[in-house]
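Structure, as C-alpha cells:
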Amino acid sequence: MTQDILTKYVELNTFLRIIGVKGTGGKIKHIICSGSVKVNGEVETRNQRKLKVTDIVEYLGKEHIAKGEMIR
C-alpha cells in the first residue's frame with residue numbers, strides 16, 4: 001500500500017538540517033524555539049512541526065520550499 005502524498009511530512013528540525021543549517025540537534029532546537037523561523041509567514045516555535053509539500057520556511061531572511069524529495 002502506498003502512502004498518499006498529503007499524509008507525508010518532514011519535521012521542521014530535520015528540514016533545517018536538509019537546507020544546510022549547521023549544528024547539533026540542540027542548537028537547531030534552540031534556533032526554532034527562539035522564534036527565528038517562520039513557516040508560511042508565521043513564527044513557528046515547535047521543533048517537530050510537520051511540514052508538507054509546498055510549505056514555505058523562512059530562516060535568516062531566505063525562503064525555502066518543502067519539496068517532494070524532502071518528504072518521507
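Values quoted throughout were computed directly from the atomic coordinates according to the rules given, and no laboratory measurement underlies them. Bear in mind that the values here come from a model prediction, so they are computed numbers and not experimental data. Glycine gets a Cβ as well: all are built from the backbone with ideal geometry, and neighbour counts include every protein chain shown.
Observations
- Evaluation of Gly25 against (1) surrounded by 14 or more Cβ atoms within 10 Å (Cβ to Cβ); (2) without any contact (Cβ under 8 Å) to a residue 60 or more places away in the chain (one fails), failing number: (1)
- The stretch 22-56 - residue that is touching a helix residue (DSSP H, G or I) at 6+ places or on another chain (Cβ under 6 Å), among the aliphatic types (A, V, I, L, M) and not in a helix (DSSP H, G or I) and, of those, nearest to Glu69 (Cα to Cα): Val53
- Matching option when the condition is touching a Gly at 6+ places or on another chain (Cβ under 7 Å), surrounded by 10 or more Cβ atoms within 10 Å (Cβ to Cβ) and free of Cβ contacts under 8 Å to residues at least 24 places away in the same chain, among Val43, Val53: Val43
- Members of the stretch 57-72 that are touching a helix residue (DSSP H, G or I) at 6+ places or on another chain (Cβ under 9 Å) and among the β-branched types (Val, Ile, Thr): Val57, Ile71
- Restricting attention to the stretch 56-67, the residues being in contact (Cβ under 8 Å) with a residue 12 or more places away in the chain and surrounded by 10 or more Cβ atoms within 10 Å (Cβ to Cβ) number 7.
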